[in-house]
1. How many residues, within the range B:234-256, are in contact with a strand residue (DSSP E or B) (Cβ under 8 Å, 6 or more places away or on another chain), within 28 Å of B:E85 (Cβ to Cβ) and in a helix (DSSP H, G or I)?
2. With respect to B:S315, is the statement that it is assigned to a helix (DSSP H, G or I) and either within 16 Å of B:V433 (Cβ to Cβ) or in the same structural domain as B:A180 (by TED's automatic domain parsing) (or both) true?
3. Would you check which residues across the range B:356-410 are among the aliphatic types (A, V, I, L, M) and either part of a loop (DSSP other than H, G, I, E, B) or free of Cβ contacts under 8 Å to residues at least 60 places away in the same chain (or both) and list them?
4. Suppose we filter the range B:413-449 for residues that are under 17 Å from the mean Cα position of the chain (by Cα) and not aromatic (F, W, Y); how many remain?
5. Can you find a residue in the range A:108-125 that is closer than 30 Å to B:I132 by Cβ and not aliphatic (A, V, I, L, M)?
6. Based on this model, can you work out whether B:S78 counts as of a type in the set (G, A, S) and under 24 Å from the mean Cα position of the chain (by Cα)?
7. Tally up the residues in the range B:262-305 that are assigned to a helix (DSSP H, G or I) and among the charged types (D, E, K, R), please.
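The values are calculated or read from the model by the stated rules, or taken from the named source; none is laboratory data. Quick caveat: nothing in here was measured; it's all calculated off a predicted structure. Using ideal geometry, Cβ is built from the backbone for each residue, glycine included, and neighbour counts are taken over all protein chains shown.
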Amino acid sequence: MTQSLHINKTYKLYIDGNFSRTESGRYIKWIDPKKKMIINFCRGSRKDFRNAVVSARSAFKAWSGRSAYNRGQIFYRIAEMLEGRKEQFISELILQGFTKKQSKKEVTLSIDRLVYYAGWADKYQQLFSRVNPVSSPYYNFSTPEPTGVVAAIAPDNSCLLGFLSVVVPAVVGGNTVVVLASESYPLCGITFAEVLHSSDVPGGVINIMSGRHDELIEQFSSHMDVNAIIYCGADSGHASMVEKNTALNVKRAVKYADQNWINPDAQGPYHIMKSQEIKTTWHPIGY
Amino acid sequence: MVSKTNIRKKKVSTNWEYSAAPESTDHISLKSNYDLFIAGKFTKPKEGTYFNSINPANETNIAKVASAGKADVNKAVSAAKVAYENVWKKMDPSQRGKYIYRIARLIQERVREFAVIESLDGGKPIRESRDIDIPLAAAHFFYYAGWADKLDYAFPGRKTKPIGVAGQIIPWNFPLLMAAWKIAPALASGNTVVLKPAETTPLTALKLAEIIQDADLPPGVVNIVTGDGSTGKYLVDHPKVDKIAFTGSTEVGKSIIQALAGSSKKYTLELGGKAANIIFEDAPIDQAVEGIINSIFFNQGHVCCAGSRLYVQESVSKEIISKLKSRMENLILGDPLDKNTDIGAINSKTQLEKIQMYLDIGVDEGSTIYQSTCTIPKKGYWCAPTLFTDMSQSHRLVQEEIFGPVLVIQTFRTIDEVIAKANNTPYGLSGGVWTDKGSKIFKISKDIRAGVIWGNTFNKFDPTSPFGGYKESGMGREGGLEGLLQYVNLY
């Protein structure tokens, strides 16, 4: 029997629920550390990002309007799909130079993190909502609401777990996201689109880009229709540029400089609250 | 034959003018000169410069107030740092709380004096300073005092640590109340403060400094540096300040974000607004008209959350606008110290010029202006209650914050249309809805992207109720637990 030739996968962007190549036609050549495999992944452009924001904005109303129960179920479904594709992600991590043990751990923890946040979908609101005892005849209550469209620069130090740790709390909380996958270890972030695609997540809710961080951070942080930016990275020049740009439209800025994504403090309802607003409603009590 | 109604007309006087009912000023104590409040003492500014705080209702000087330069701000921040490290963060939280209770009580005892000074210095009607500003300021201190020794219960699963020295910059529209909003939660959670009051309304903050002395608060826990924007800038840029809290315009807020970029300082911002107040055809019309008046003419419209855009459902727009005009005719504009006054003075000449500029723009852009026919006093800064009709969404008056007694009116047909219009500005501080139907209130409340929604009411505030904006209206909340969260690090 002749040996069957390996079919290489084309790595694409994931925008508005579609796998598309970058409109710019550019690529980044990626060679695995063992120099056995060459992958040309998309060098996403600013135009791709703008398209992704349009898609995220139009998906926001319906997604934030889904019931919390439904969002929880969808995230549980994502966990199920990742479980089924475990081996694919482990081999991609190994391809990127991680040991088998490290890779298994990264994927297992990632599935756990998805299940963890699926459970929060209908609980953080109860934790952070209140009825305020105002001293006048009014009924007054405060509840968290998603801030809107979130742009995220995924961390380089954990290409799947870190990626999910920034994206999932934002989206569980009803935001829609455009995320830039790790540049050093891009494969898992891009491949995660395949999991989403089979998980009942509406198109546009999570948009995934690959590309040069240097080139795209400016646009991610300065876009006027983005409500919050999550920046993961230790580059102080990038961090302060992101912070400066948030002034343009008073974006909410969330920074993770050197977060260890395995630590217990890398997850929790306070991460959801980073992309939430508090809304307070008043109404008179009377006849 | 003479009809009965004619006879009655003859008997009843049509003169419904109110007699003057001025609040007395002889019980207040004001010095002619105010120095900076640093480390528990009134301290002369290093460069020796002073500016006048004037009464906007008659343009007279009330007092000279010190202008803090860089060295003065530095001194105040150092005092705050020393007080933070050596005294305040180490103090038993229950004792910290008791100091804050003292401040609340001292304000309550002197509430009338503070109200009069607030109206003298800022031009707001005594009815508002007496019934709203000063009692609410006291209530804020009282509310947060109680949190000081209960912080472990505030945020589930987490404990709190104070941040350090908070630099706080406040506006001129609610001078003492904004000082209270800022100082009370900061102190309760263990921070120390350098407060920069607004240039045109520094006096009640300086009177608060006297209360802080009377309360025997440890020196340096609260410092107050008066001055203009440059004083605020020194505070924002000071390396030993750990947190900036600012209330003011979106423009200045953005410059603060830029100035703080790359530093590790935390910040909260309460910025501008352009709130939509939405009236449905099934609303209780007379209540709604009263609500519209309150939403835009409260404090001369110098309110970031003012309902400055009115959206009226088409079927009732004629009735609402006509009732609104007749109600506007009955608003009494004049002496802020008169207890009958509804509309006081515009806070400053600069602000009056800005409002005037917008009135001109409105007319130039082809909208129809209506102003109540009240008599405008000869001295001082005044603006008659104003409304504009024939507006469209792209008009500058619909998009930009005026911060004055100017209402812009548009009509709508469907709920989806009005939600789209209401959300179509960069701001998101507040919103209002008037209807008899509960489900519609919740629909609007859910779909308006703003931090505070008033259903069948407007411009209500409470220390327990979080306040703050979405989008370009700011970041973070003041009041309630969320207000406390802005002054702690969680671990």
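1. Adding up the residues that qualify gives 3.
2. Details: assigned to a helix (DSSP H, G or I): yes; either within 16 Å of B:V433 (Cβ to Cβ) or in the same structural domain as B:A180 (by TED's automatic domain parsing) (or both): no.
For B:S315, the condition - assigned to a helix (DSSP H, G or I) and either within 16 Å of B:V433 (Cβ to Cβ) or in the same structural domain as B:A180 (by TED's automatic domain parsing) (or both) - is not met.
3. B:M357, B:L359, B:I361, B:V363, B:I369, B:I376, B:A384, B:M391, B:L397, B:I402
4. Summing the residues that are under 17 Å from the mean Cα position of the chain (by Cα) and not aromatic (F, W, Y) in the range B:413-449 gives 4.
5. So far as the range A:108-125 goes, no, none of its residues is closer than 30 Å to B:I132 by Cβ and not aliphatic (A, V, I, L, M).
6. no
7. So in the range B:262-305, the residues assigned to a helix (DSSP H, G or I) come out as B:285-301.
Still in the running and among the charged types (D, E, K, R): B:286, B:290.
The number of residues fulfilling the criteria is 2.
Yes or no, residue by residue, for (1) under 24 Å from the mean Cα position of the chain (by Cα); (2) in contact (Cβ under 8 Å) with a residue 40 or more places away in the chain; (3) surrounded by fewer than 22 Cβ atoms within 10 Å (Cβ to Cβ):
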position	(1), (2), (3)
B:V312	no, yes, no
B:S315	no, no, yes
B:L333	yes, yes, no
B:D338	yes, yes, yes
B:A345	yes, yes, no
